[in-house]
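Here is the structure we will look at, set down as structure tokens.
The values are calculated or read from the model by the stated rules, or taken from the named source; none is laboratory data. This structure is a prediction, so every number in the text was calculated from the model and none was measured. Positions of Cβ are backbone-derived with ideal geometry, glycine not excepted, and every protein chain shown enters the neighbour counts.
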Amino acid sequence: MLANDLKLTQNSYYAASANEQPHYPKLEGDIIVDVCVVGGGFAGLSSAIELRDRGYTVAVLEANHIGFGASGRNGGQLIAGLACEQDVIEKEIGFDGAKQVWNMTLEALDLVRERVKRFNINCDLQDGFLGVSVNEKKGKQLRHWFDDMQKRYHYAAEWIEPAHIKKWIDSPRYFNGYYDKRGGHIHPLNYCLGLARGAAGLGVQIYQHSAVTAMQQGQSTNISSAVLQTDKGQVKAKFVVLAGNIYLPEIAPQLAPKIAKRIMPVGTYIIGTEPIESSLAAKLIPSNAAVCDTNFVLDYFRLSRDKRMIYGGRVSYSAMTPPNLTQSMQARLVKTFPQLKSTKVEYTWGGFVDISMNRAPDFGRVAPNIYYLQGFSGHGVALTGLAGKLVAEAISGQATRFDVFADIKHHDFFGGKLLRTPALVLGMAWYQLREKFG
Ligand SMILES: Cc1cc2nc3c(=O)[nH]c(=O)nc-3n(C[C@H](O)[C@H](O)[C@H](O)COP(=O)(O)OP(=O)(O)OC[C@H]3O[C@@H](n4cnc5c(N)ncnc54)[C@H](O)[C@@H]3O)c2cc1C
């Protein structure tokens, strides 16, 4: 998967417009810290910042470079809630717990803004998220969801009737929707690089090209510590945070095999057009919000600061890049915005999301001193930030909020490594058929 994945980053708009960053070395030799974080994406960097704020010495080990994974490639959409519906969480931990989870997803949105301000991160932060339905049937479902969320969760968003949807988005595709001013969008790679700069400024040691290939767990309750091995060095740490996303089982299959079975990589892809003339861009999405539909295989898009349409969609359950990717993505774009029929596509890239079986995030411990954060299921831009805060709270002895998430049960994907992918392909094909004809 990784070889295929590397190709997916080669023509990324984000990489082409990345801010300058300091050089972070490779780990060479042995170091001792309180906490070792594995993974230099949003989840790992957020954990490092929050732990450093609480006085811990921290090292982040990144196998590739900062923002290499999903954090440097995603749609940049800041979205309230989780990838799964709230009733999934209610069934698992009851309404009060589910409400706490929902409120924490809102806190996650605020945290992004706090961090942008605190570390002065230049990442094109823009307010506003627009959720839209593609037909009357889905519009009814969306209205039902919205009413329920308002009534029981006091969700403060604005409802958009079918008669008004065109004022929000100049597309023939959409039926109705809602606008959440707390949502928004960012340039994710620049946000990630900014978090790294902020963390390093606090004294976090960041090492790139330092894949962790083995780990002895140790125990936090006595002076013995976990030991993490890279090819040129090792880290001794009282605590470990595993934030390696779907790359972790690829790079180090023996590190945490139990949690590896609970997530699957699903490919999703993005194109970036040439800059669109400003008055047309302002007409397409007058609020300049991030937009996402409610389909099972959804389209998500927004304008960049320089008025390119950053348009995401399609999925691949087999880890293979779909054929004719640019053309098929452009066809989706033109279906949504026929006005962009002649607009050139300049970038195509993609990455993998770490989906869990029930699409709920999967946070927990593999040992008393080894924490993990995974299963963001495509809803991680904001939530990873909060996840880092929760893990830092837990390590410093305040585990209540972390454990609200850790209490959500997760199941393995069926089959061994070879069978899991075909099983997922079949399962997802069934959902797609149900969406089309159901
Ligand atoms: C194309 C795409 C579009 C998306 N769009 C959105 C969106 O619009 N909104 C939204 O909310 N979410 C979106 N997501 C999901 C979101 O990007 C992720 O949930 C989030 O970035 C996950 O962050 P992370 O830190 O957990 O993982 P990552 O950013 O993937 O970071 C994990 C890092 O760990 C490193 N690593 C792994 N194993 C090891 C090891 N053994 N040693 C050292 N380092 C290791 C990897 O190299 C990697 O850099 C999208 C994802 C993709 C791929």
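Things worth noting here:
- Only a single criterion out of (1) at pLDDT 95 or above; (2) on the phi > 0 side of the Ramachandran plot is not satisfied by residue 287, namely (2).
- Inter-residue pairs, beta-carbon under 6 Å, first under 30 Å from residue 410 (Cβ atoms) and in region 339-357, second more than 16 Å from the ligand (Cβ to nearest atom), 6+ apart: 357/411
- In region 310-331, the qualifying residues are those that are over 17 Å from residue 266 (Cβ atoms) and within 14 Å of the ligand (Cβ to nearest atom), and the one that is surrounded by the most Cβ atoms within 10 Å (Cβ to Cβ) is 311.
- When region 230-259 is filtered for residues that are more than 11 Å from the ligand (Cβ to nearest atom) and assigned to a helix (DSSP H, G or I), the ones remaining, listed by number, are 257, 258, 259.
- Of all residues making up region 304-331, the number that are over 19 Å from residue 289 (Cα atoms) and of a type outside the set (Gly, Ala, Ser): 13
- Checked against (1) aromatic (Phe, Trp, Tyr); (2) modelled with pLDDT under 90; (3) within 14 Å of the ligand (Cβ to nearest atom), residue 296 passes all but condition (3).
- Pair list, Cβ < 7 Å and 6+ apart or interchain, from region 37-66 residues that are farther than 17 Å from residue 365 by Cα to residues that are assigned to a strand (DSSP E or B) and near the ligand (Cβ under 8 Å from one of its atoms): 61/38
- Region 260-270, residues that are more than 11 Å from the ligand (Cβ to nearest atom) and either closer than 23 Å to residue 312 by Cβ or modelled with pLDDT of 95 or more (or both): 264
- Checking residue 100 against (1) part of a helix (DSSP H, G or I); (2) closer than 30 Å to residue 348 by Cβ; (3) more than 17 Å from the chain's Cα centre (by Cα), the condition it does not meet: (2)
- Condition met for residue 108 (closer than 25 Å to residue 247 by Cβ, within 15 Å of the ligand (Cβ to nearest atom) and modelled with pLDDT of 95 or more): yes
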